[in-house]
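Colleague: Can you read through this structure? Questions will come right after.
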């Protein structure tokens with residue numbers, strides 16, 4: 001699960017660039033969200049994916065989301081917040097004064113978050129709409145509140161399941177009156193929500209799902 005630990009990071013710390021499968025060196029590598037990436041290889045993969053999509057073929061490999069990078073101002077404060085929220089600490093490495101990576105995983109999740117120094121140029125607090133699926137929205141909210149996390153009241157959409165926007169870490173709806181207090185009356189999957197933010201304003205959404213829709 002911890003992808004950053006499975007690659008040779010020396011290219012980011014002044015060492016030689018990584019080897020290709022044939023034994024050659026990859027030039028101009030850079031650390032992206034969770035792996036080392038060669039620009040030419042990225043472009044080639046992108047073109048192949050587009051061609052496959054045009055032909056309507058189903059891709060034959062798994063593409064599993066591994067890490068989401070969050071922009072934060074105070075790394076220690078962010079780490080304390082997410083540990084208080086119950087996220088598991090996987091990694092905290094600072095090989096230089098200008099680079100640090102803190103890697104945590106939400107309980108039961110196969111996707112992790114990472115933040116630190118030298119990882120992203122995004123504005124702190126600019127990541128919104130990070131969904132955490134829970135089996136019981138009220139229990140999950142109560143657990144987080146008990147851990148000192150400020151979480152909104154549980155709410156649902158009175159007009160049915162509609163597309164959401166995200167402003168300042170909160171869920172907005174096409175019509176303000178559509179947001180109603182309490183869980184969905186029928187406890188429909190994907191229909192009940194609660195929100196919270198980290199100290200920088202990166203926004204999270206709890207969403208109740210007891211039985212996933214087909215294909216999800």
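Colleague: So residue 51 ticks every box in (1) assigned to a helix (DSSP H, G or I); (2) touching a strand residue (DSSP E or B) at 6+ places or on another chain (Cβ under 8 Å); (3) at pLDDT below 65 but one. Which box is left unticked?
Modeller: (2)
Residue by residue, here is whether (1) surrounded by fewer than 20 Cβ atoms within 10 Å (Cβ to Cβ); (2) in the same structural domain as residue 136 (by TED's automatic domain parsing) holds:
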residue: 178; (1), (2): yes, yes
residue: 181; (1), (2): yes, yes
residue: 184; (1), (2): no, yes
residue: 187; (1), (2): yes, yes
residue: 191; (1), (2): yes, yes
residue: 194; (1), (2): no, yes
residue: 203; (1), (2): no, yes
residue: 214; (1), (2): yes, no
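Colleague: Return the total of residues in the range 143-153 being surrounded by 13 or more Cβ atoms within 10 Å (Cβ to Cβ) and part of a helix (DSSP H, G or I).
Modeller: Residues meeting the conditions: 3.
Colleague: Does any residue in the range 113-138 that is farther than 14 Å from residue 70 by Cβ and assigned by TED's automatic domain parsing to the domain that holds residue 194 come within less than 6 Å, Cβ to Cβ, of a residue that is loosely packed, with under 15 Cβ neighbours inside 10 Å and at pLDDT below 95 six or more places away or on a different chain, and which pairs are these?
Modeller: Note: pairs meeting the criteria are 135/210.
Colleague: Identify, by number, the condition in (1) closer than 23 Å to residue 184 by Cβ; (2) crowded, with 16+ Cβ neighbours inside 10 Å that residue 125 doesn't meet.
Modeller: (1)
The values are calculated or read from the model by the stated rules, or taken from the named source; none is laboratory data. It should be emphasised that the depicted structure is a prediction, and the values quoted were computed from it without experimental measurement. Cβ sites come from the backbone with ideal geometry, for glycine too, and all protein chains shown count toward neighbours.
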